[in-house]
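Report on one structure; see the data block that follows.
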Amino acid sequence: MKIEFKKVGVSWSDIEIAKDDIKFEGRFKRLNENLVTLEGSLTGTLGVACDRCAEDFRLQVDNSLSLKITDSLMQDLEDLDIIECFDTHIDFDAIIAGEIEALRCDYHYCEKCS
């Protein structure tokens, strides 16, 4: 789902995105003219490889997500949960796909290697 940055309202809007076996349910709203907040949770299962034995297994995912999205260059380097988008649109599908890929890139151990 893509939405034009300037069309995001100041009241909460619900959003639901499913990708493979992962589902994001959340909400978003405008905080100020250059900042949108996105909150919700990622749930489901994700196929990953064990980092010790390389066996594929399904990882149970239940993560909360809280991000800020801006259409300007951010100077606040202390807040690392900011996504900059400069093409006037917020691509929620791409944001969620990136968060899923970040989960996949983390270290994971299967039950027998834990």
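For the chain, what does the accessible surface come to per residue with a 1.4 Å probe? Please give it in Å².
Working: 7270 Å² over 114 residues.
Heavy-atom SASA per residue in the chain reads 64 Å².
How high is the relative contact order of the chain, given as a whole-number percent (alpha carbon pairs under 8 Å, six or more residues apart)? Walk me through the numbers before you get to the answer.
On the way: 201 pairs, mean separation 29.0, N = 114.
Across the chain, relative contact order equals 25 percent.
Give, rounded to the nearest 20 debye, the magnitude of the charge dipole that the chain has about its Cα centre when Lys and Arg contribute +1 at Cβ and Asp and Glu contribute -1 at Cβ. If you can, show how the numbers build up before the last one.
Details: 13 positive and 25 negative charges, 53 e Å.
So the magnitude is around 260 debye.
Subtract the Cα-Cα distance of D21 and E84 from 0.36 nm times their separation in residues, and report this length gain in nm to one decimal.
Details: separation 63, 0.36 × 63 = 22.68 nm, distance 2.69 nm.
My answer for the length gained is 20.0 nm.
Just flag the chymotrypsin sites (Phe, Trp or Tyr not before Pro) in segment 42-105 sitting in loop per DSSP whose Cβ has no more than 16 other Cβ atoms within 10 Å.
Details: sites: F57, F86, F92; in loops: F86.
Filter output for segment 42-105: F86.
State, to one decimal in nm, how far the label point of E55 lies from the label point of A97, with both points 7 Å from Cα in the Cβ direction.
3.2 nm
L65's amide H: which non-local residues (gap 5+, or another chain) put their own amide H closer than 5 Å, with H modeled 1.01 Å from N in plane and none for Pro or chain starts?
G40, S41, L42
The values are calculated or read from the model by the stated rules, or taken from the named source; none is laboratory data. Computed from a predicted model, the values in this text were never measured in an experiment. A quick note on method: Cβ atoms are made from the backbone with ideal geometry, for glycine too, and the neighbour counts reach across all protein chains shown. Please note that ligands, DNA and RNA were not included when accessible areas were found on the heavy atoms of the full protein model with its side chains. Shrake-Rupley method; radii C 1.70, N 1.55, O 1.52, S 1.80 Å.
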